[in-house]
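As C-alpha cells, the structure follows; a few thoughts come after it.
The values are calculated or read from the model by the stated rules, or taken from the named source; none is laboratory data. This is a predicted model, so every value here is computed, not measured. Every residue, glycine among them, receives a Cβ derived from its backbone with ideal geometry; neighbour counts consider all protein chains shown. Keep in mind that these areas ignore ligands, DNA and RNA; they rest on the heavy atoms of the full protein, side chains included. Shrake-Rupley method; radii C 1.70, N 1.55, O 1.52, S 1.80 Å.
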Amino acid sequence: ELLQEVEQSDQDDSRTGMLALLPSLKIMGVLCVFVLLFWLIWKIEKKFWEDQDNSDEESCSREEEQEQEEQQEQEAEEQEEKEVKVQDEQNDSESFGPNEDLKELGDSLLYLVNILIDIAQNVVLDTFFPVPERSFVVGSTYEGWGLPVGETVFRFLVSLKPPRGHIFHLELGTTRELPIRNSRIRVELKCTCGQEQDLKMLCFLHTSADELRNQQPSLLDTLCSGPYLDVEKTARWFGAVLKNAWKCVPLSAACRLNAVHFKRSCRFQLTPMIQRTFLIDVMFGVQQGNTDIFLSSQESEAAYTPSTAWPQTCAVAEAKFFKHVAARAGEDSFHLGCLKVCAYILVGYNFSPYELKTVLMHLLTAIPVECWSQSYFVQRMEDILHYLRCCVEEKRLDHFLIGNKAVPAEIILPWEFRVSVPPNLFQRVARDPDRHEQALYETEMLRDRFKTLLTSGK
Ligand SMILES: [Zn+2]
C-alpha cells in the first residue's frame, strides 16, 4: 500500500510539475509567435526602406550618370555596329530579369496570409463555417513576369475544407469543355450520431429542431444558396474573418489593411509605414480530390457568372509546374525573363499574356532546361515567336495541362485532364477569318517589335 501511495504521489508530482510548466510553455509559444511577427515586420519595412534608399541614390547620382552616359555614347559611336548590337541585347535581357525582390516580398506575404489562416482556423473551430487550410501563392507578380501596371497585386488561393458534419460534393457541370466553368459545390449534411463527444456537436440529421436551436446553424443556413455553396456570401464572410484575424496580428500596429469591395474574392490593400501600397487578392477554392486542380472563386471570362459557380482553376498546377522547372534549371535560367519580355512587347496587341505563357510552357517541356540560360535569350525569344506564328497558321494553340503527355508526372491532374482532347485557346482565330488575318499580321508585328526592342532597348 505504501509503495502504491508513493508511486501515486510521484505521479501526482510529475503531473503537477507538467501543469506548472504549461503556462510557461504557453508564454514561450506566444513569445515565439511575436518574434516571428516582428521579423516579418522588419522584412517588409526593410524592403521598403531599401526601395526608398535606392531611389534617393538614383537622384543623387543622376548628374554623374549623365556624364557617364555622354562618355558611353561617344565610345559607342567609335565601336562597330555589331558590337553595339550585342551589348544592347545583353543590357535588354538583364533589365528584363525576373524580379527577385517581388518574389521575396511574395514569400513574406504568404507567411503573413498563413498566420491569418491559423488564426481564422481557431475562430471557425466551434462553428459550421468552412475550414481554411493551405494557401498557395499564384500569378504573375510572384512568378516575376507581371508588368508593373498600376498597383502590385499578389494573388493567393486558400483551400477550404468542409466543417464537421458536412460534405462537399463537387458537381463538375454538364459542359464537356475543360477547364469546366459552371461547376458547383453541393453541401450535404452527414450523420454524426454517436460522435457527439468527439465532434462536440449534435447530429444535424437526427436531432429535433428544438434541440438544434442551441447549436450554431449549419453551413446550409449560412453561406449557401439552396444546397450550393455561394461564392459571394463566402467572400463576404471570409473577408470579415481575415479582417478580424488581422487585428490579432502585431503587424497591424505598423501597417494598415483596408478591405476593398470585390464580389468573388477578398481583396485587401496593405499600406506599410512608407506610403507605397499593394494589393493582396485572396481567392479561395475546394481541391478536386488530391489533384492540383481547384474549384475556385476565380472570376470566369463569361459576362455573367452565377454566385454558385465555382470554375475549375489551373493556377495552382501551373505555379507547381514553374516550381518544377525552377528546381531543375540553373540559377541563371531566363525563362521567366522571356515571359516578361513577351508581356512587355504584347501591349497593344490582341494576344493575351496567358496565351504566351501557354506557348512558353509547351516550349519548356520541349527544349532542355539548360538551354534557357541568359546567353540563349535571343534564340529562345525567336522560338517563342516562331511557335506562336505556327499556332496562328494552324489556328490552334493547345491548352498546356489538358491532354498533354509532356506535363510532368508530379503535377497531379484529374483523370479527364489526362485523357481529353486539349481545348483550343485560338478558337476565336479558327472561327473568324478576319481575326485570323489580324493574328497573322500581329505575329509579324511582334517579331518587328522584338527586333526594335533589341536595337533600341525600348
Ligand atoms: Zn445522425
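A few remarks follow.
- Close amide H contacts of Arg256 (hydrogens built in the peptide plane, cut-off under 5 Å, sequence separation of 5 or more or a different chain): Thr271.
- Computed on protein heavy atoms with a 1.4 Å probe, the accessible areas place Cys191, Cys266 in the order Cys191, Cys266, largest first.
- Listed values for segment 177-189 are Karplus-derived 3J(HN,Hα) couplings in whole Hz (6.51 cos²θ - 1.76 cosθ + 1.60, θ = phi - 60°), namely 6, 9, x, 6, 8, 9, 6, 9, 10, 8, 9, 10, 8, and x replaces Gly and Pro.
- Selection from Trp246, His166, Leu223, by position along the positive dipole direction of segment 156-306 (Cβ): Trp246
- Heavy-atom accessible surface of segment 103-313, averaged per residue, reaches 47 Å², computed with a 1.4 Å probe.
- Cut-off under 5 Å, modelled amide H: who pairs with Val131 long-range: Lys161
- Dipole magnitude (debye, nearest 20) for segment 307-429, charges at Cβ of Lys, Arg, Asp, Glu: 220
- Put Glu104, Glu196 in order of accessible area, highest first, and with a 1.4 Å probe you get Glu104, Glu196.
- Separation between Cα centres of segment 293-342 and segment 179-252, rounded to whole Å: 29
- Dipole check for segment 103-313: with +1 at the C-beta of Lys and Arg, -1 at the C-beta of Asp and Glu, and the Cα centre as origin, the magnitude is about 380 Debye.
- For segment 320-456, the solvent-accessible area of protein heavy atoms averages 48 Å² per residue (probe radius 1.4 Å; ligands and nucleic acids excluded).
- HN-Hα J in Hz across segment 428-443 - Karplus 6.51, -1.76, 1.60, θ = phi - 60°, x for Gly and Pro: 4, 6, 5, 7, 10, x, 5, 5, 4, 4, 4, 5, 4, 4, 5, 5
- Listed residue pairs exceeding 25 Å between alpha carbons, taken from Lys161/Lys320; Lys103/Lys357; Lys340/Lys458; Lys247/Lys340; Lys103/Lys320; Lys161/Lys263: Lys247/Lys340
- Net charge of the neighbourhood of Leu189, taken over other residues with C-beta under 14 Å away and scored Lys/Arg +1, Asp/Glu -1, is +1.
- In nm, spacing of pseudo-spin labels at Asp332 and Val378 (7 Å Cα→C-beta vector): 1.7
- The simple Förster model, with R0 at 45 Å and r as the Cβ-Cβ distance, assigns Lys200 and Ala430 a FRET efficiency of 0.20.
- The heavy atoms of Glu232 present about 40 square angstrom of accessible area, all protein chains included, probe 1.4 Å.
- Residue-level accessible surface for Thr174, protein heavy atoms, 1.4 Å, Å²: 130
- A cut-off of 5 Å between modelled amide H atoms, ignoring neighbours fewer than 5 places along the same chain, links Thr152 with Leu279.
- Rounded percent of accessible protein surface that carbon and sulfur make up, segment 103-313, 1.4 Å probe: 51
- Working note: Karplus 6.51/-1.76/1.60 with θ = phi - 60° gives segment 372-387 the couplings 10, 6, 4, 5, 9, 3, 5, 4, 5, 5, 5, 4, 4, 5, 5, 4 Hz, where Gly and Pro are set to x.
- Diffusion of segment 310-458 by Stokes-Einstein, at 25 °C in a medium of 0.890 mPa s and with Rh set to the Kirkwood radius over alpha-carbon pairs, works out to 151 µm²/s.
- Exposure rank, largest accessible area first [Asp118, Asp221; 1.4 Å]: Asp221, Asp118
- When nucleic acids and ligands are ignored and a 1.4 Å probe is applied, Tyr387 ends up with an accessible area of around 70 Å².
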